[in-house]
Amino acid sequence: MKLHLKIWRQKNRKAQGQLVNYTLENVNPHMSFLEMLDTLNEQLIVNKEEPVEFDHDCREGICGQCGVVINGNAHGPLENTTTCQLHMREFKDGETVLIEPFRAKGFPVKKDLKVDRSAFDRIISAGGYVSVNTGQAPEANTIPVSHETAEAAFDSAACIGCGACVATCKNGSAALFTSAKITQLAILPQSQEERKERALKMIAQMDAEDFGHCSNTEACEVECPQGISVLNIARMNYEYNRASFLKFKK
Amino acid sequence: MKLDAKIPQGPLEEKWFNYKKTARLVNPANRKKLDVIVVGTGLAGSSLAASLGEMGYNVKAFCFQDTPRRAHSVAAQGGVNAAKNYKNDGDSVYRMFVDTLKGGDFRAREANVYRLAECSLNLIDQAVAQGVPFGREYGGYLNNRSFGGVQVSRTFYARGQTGQQLLLGTYQALMRQVDKKTVQLFSSHEMLDIVTIDGKARGVVVRNLETGEIEKHSAHAVVLATGGFGKIYYLSTLAMGCNGSAIWRAHKKGAYFASPSWTQIHPTSLPQSGDYQSKLTLMSESLRNDGRIWVPKKADDTREANDIPEEERDYYLERRYPAFGNLAPRDISSRAAKERIDAGHGVGPLKNAVYLDFSKAIKEQGQPKIAEKYGNLFRMYEKITGINAYKEPMKISPAAHFSMGGLWVDYELMTTIPGLFALGEANFADHGANRLGANSLLQASVDGYFIAPYTIANYLADQIRVGKISTDHPEFDKVIKENQDKIDQLLNIKGDKSVDYYHKKLGKLLYDYCGLARTAEGLTFAIEEIKKLRDEFYKNVYVPGENDTMNAELEKAGRVADYLEIGVLMCYDALTRNESCGAHFREEFQTEEGEAERNDNEFQYISAWEWPGSLDKEPILNKEELKFEFVQPTIRSYK
């Protein structure tokens, strides 16, 4: 296969970026999208040009490090699939492919296709945990958790923190990311003690970052590699109201 | 140097108890005067950094990823072992200890392995309290499954994403300490070197991967929890950034390197399909609970899997190892696959794979049950290969996976450099010559949560009067200069081959000569070839760009430069061990049935390699003799 690539190149945070055209021959349909970028970089290096910087690590869809916008879609044309799990068989010979970084005010571009997602770390550190020190835990089977609750908690906990939800949202909202953690910990019995404070603090931190508001377009769920449901956002809103009400009552 | 493992006295069951009873402590008021650096934020690093932060020490945590949550522990799929005996199937700490020791082919320390099994109980408690959503039975109690090399169900799991869930639990504990300011986090920072002053580890030099700036950080103790180096084979199940640089650079500063050649080649990964390939995706071992492995009885059979009748299939694991069947340990399963592939029975376009077949399990249990257990793995398989594994068997093949070797550490997890500790996959400690499935998450976690917090305190108790370590010490600037020079050297070679070109060549040499099967002749050849490749690398590699910006090629170049040195040591290690044990299979030493032939009289030791001071000299072999007081080594049989 032969591909025409239009790739966002930007030297650093402050520099102005631009789209640059490349042509790549001999693309194998079994390649992953990132292996296609490897092949492009190999070609650039041999020609003494600077390769394209892109985020990636595990290449099996779980670390959440990779992610670019392909032809306008976060992580490309497939639903619920990371960029590393996307294969070139999804593209046509001779196609032009537009490759941009995840674009959101909350994710400043560091270089080329790499963005800064440290805001996610700050949202977690605001309250996305259970305050249990090492050594404090009781015997694991002391508190039973129903099969359904454990499975539902897992569905929310599966988030890989890639940021596709933010990139695909027209408002650049981090609601899906934040709500998934709030929901996981709101439904498990082990994490009830801080339920109210957790919701309030995490949402306050989300608002303090440069993320926009959720306007319920549900675009995030479509792109989420783990298929995290937008019902988590509804749950987050409930948790926020509940916590605000209980705080007010006190 | 005489190696002292510092194993506590007393009966096996009391050693760790006795250690904790007499270990020195640091008073809570003194802890904030003590600085600890933790490099790596996977399960081992994050759990240690969080635990030390909770105790009140000043911690700095470093990782090369853009956030700690991406460390490669995240990718472990199947589970984590613990001897809870919730299934009432005869499990116990002692049985888990014996399984692990035997699984490692009696090439690990009894005391360490027992402690690993003992601490497994607390780990599950800790993780559950953090909100890790392990699989549950309908009554609400924790569920288990079975893994290779054992006959009980002791593996706890969170679908096929157990590593991710355990890591997120510890990442959240870490971020809680970051919020409390007991831990300072440095993401996108790669350790370049450790700094030793008067023989003690006193700090690190790191590169900010966004700006290229080289920074210096001092501490009273330094911990490396930097994972394994299986990526040295280029094609592996590891993440692209996994590397051996931190431990290798510590080795060159005086830390001994143990058993570097013991690499686990995992039996159930996806086969290579072309030259462009960058990694081999792992399919969890848990699939072998319900999947049956086979190849066509006829060599070079070109029929589709579903067209080959039952009687023409060779279920070679069930045939050779009836007691364990498809759940034979990883080293044995991988070698058996290689044996069949080499004999011409391999399947797939490159004839480099075997089948993993679920048709019997689907017939017996129904597709929904199989989907519930392994749905995400079947989906992943389809995404990558385009094949629906509910309809036809998966094709799998062996791939480099886990480093049993690593920095030599004593019972306290301290290396031969005082004040330098190594945790998790970065050390060599608990798995012997072959790791059992679901023991790696366990080892990383217990090292960080339950072992190192005690042993590091025991070391730091001496350090209270030392005062703050100043980064003005000339040693820091000397190490910065050495590393700056090395970076400049790489950038200035300006040859015409990419870094990956050399990495792929090195990986091929290691797969061919220091992989599933090794010979003295092949290893001797590989040592010379790797040295030649290294010379060529320094003449002809092209590293584009500059230092003062994000430069992934420069990062890779530094790692591959180290791999080209580690690879040679791996071959020396394999060459000097004239026996077969676990993952180390020397073709000269096998039984008539093709099983590994161990030599306990001559090789019942851990090889601990000492840096000779320069690449021109041969590495120096030190031996830690293994003593078996409680379990007598037997011939490992899974028949």
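Filtering the range B:126-150 to residues that are within 7 Å of chain A (Cβ to nearest Cβ) and surrounded by fewer than 20 Cβ atoms within 10 Å (Cβ to Cβ) leaves B:Glu137, B:Tyr138, B:Gly139, B:Gly140, B:Tyr141.
Residues that are under 19 Å from B:Tyr171 (Cα atoms) number at least 1 in the following helices (runs of 4 or more DSSP H) confined to the range A:133-188: A:147-157, A:175-187. Scanning the range B:324-373 for residues that are touching a strand residue (DSSP E or B) at 6+ places or on another chain (Cβ under 7 Å), closer than 30 Å to A:Glu148 by Cα and crowded, with 22+ Cβ neighbours inside 10 Å yields a single hit, B:Asp357.
The one condition from (1) out of contact with any Leu (no Cβ under 8 Å at 6 or more places or on another chain); (2) of a type outside the set (S, T, N, Q); (3) surrounded by fewer than 20 Cβ atoms within 10 Å (Cβ to Cβ) that A:Ala175 does not meet is (3). Could you go through the range B:68-78 and let me know if any residue there is more than 12 Å from every other protein chain (Cβ to nearest Cβ) and charged (D, E, K, R). For the range B:68-78, residues more than 12 Å from every other protein chain (Cβ to nearest Cβ) and charged (D, E, K, R): absent. Is it the case, given these coordinates, that B:Tyr390 is more than 30 Å from B:Gln590 (Cβ to Cβ), at pLDDT 95 or above and either assigned to a loop (DSSP other than H, G, I, E, B) or assigned by TED's automatic domain parsing to the domain that holds B:Asp314 (or both)? Against the criterion (more than 30 Å from B:Gln590 (Cβ to Cβ), at pLDDT 95 or above and either assigned to a loop (DSSP other than H, G, I, E, B) or assigned by TED's automatic domain parsing to the domain that holds B:Asp314 (or both)), B:Tyr390 qualifies.
Filtering the range A:20-30 for residues that are hydrophobic (A, V, I, L, M, F, W, C), touching a residue at least 24 places away in the same chain (Cβ under 8 Å) and not assigned by TED's automatic domain parsing to the domain that holds A:Gly227 leaves a non-empty set.
Restricted to the range B:298-323, and to residues that are of a type in the set (Gly, Ala, Ser) and surrounded by fewer than 16 Cβ atoms within 10 Å (Cβ to Cβ), which residue is farthest from B:Met404 (Cα to Cα)?
The extreme case among them is B:Ala299.
Taking the criterion of being closer than 13 Å to B:Ile480 by Cα, among the acidic types (Asp, Glu) and surrounded by 20 or more Cβ atoms within 10 Å (Cβ to Cβ), the only residue of the range B:165-219 that qualifies is B:Asp193. Inspect all residues belonging to the range B:137-146 and state whether any of them is assigned to a loop (DSSP other than H, G, I, E, B), at pLDDT below 95 and under 25 Å from the mean Cα position of the chain (by Cα). Looking for residues that are assigned to a loop (DSSP other than H, G, I, E, B), at pLDDT below 95 and under 25 Å from the mean Cα position of the chain (by Cα), one finds at least one in the range B:137-146, hence yes. Scanning the range B:325-335 for any residue that is among the small types (Gly, Ala, Ser), touching a Phe, Trp or Tyr at 6+ places or on another chain (Cβ under 6 Å), outside the structural domain of B:Glu587 (by TED's automatic domain parsing) and outside any strand (DSSP E or B) turns up at least one such residue. With a requirement of 3 or more residues that are more than 23 Å from the chain's Cα centre (by Cα), the strands (runs of 3 or more DSSP E) lying completely within the range B:151-229 that satisfy it span B:183-186, B:189-197, B:200-208, B:214-218. Within the range A:130-140, the set of residues being touching a Lys or Arg at 6+ places or on another chain (Cβ under 8 Å) and touching a residue at least 12 places away in the same chain (Cβ under 8 Å) comprises A:Ser131 only. Just one of (1) of a type outside the set (Phe, Trp, Tyr); (2) facing chain B (nearest Cβ under 8 Å); (3) surrounded by fewer than 21 Cβ atoms within 10 Å (Cβ to Cβ) fails for A:Gly128. It is (3).
For the condition touching a residue at least 24 places away in the same chain (Cβ under 8 Å) and in contact with a helix residue (DSSP H, G or I) (Cβ under 7 Å, 6 or more places away or on another chain), what is the one hit in B:Thr182, B:Thr211?
B:Thr182
A single member of B:Ala61, B:Ala83 is more than 18 Å from the chain's Cα centre (by Cα), in a loop (DSSP other than H, G, I, E, B) and modelled with pLDDT of 95 or more, and it is B:Ala83.
Does the range B:23-31 contain any residue that is assigned to a loop (DSSP other than H, G, I, E, B) and crowded, with 17+ Cβ neighbours inside 10 Å? Within the range B:23-31 (the criterion being assigned to a loop (DSSP other than H, G, I, E, B) and crowded, with 17+ Cβ neighbours inside 10 Å), the answer is yes, since at least one residue qualifies.
The values are calculated or read from the model by the stated rules, or taken from the named source; none is laboratory data. Bear in mind the structure is a predicted one, so any value in this text is a computation, not a measurement. Please note: Cβ atoms are built from the backbone with ideal geometry, for glycine as well, and neighbour counts cover all protein chains shown.
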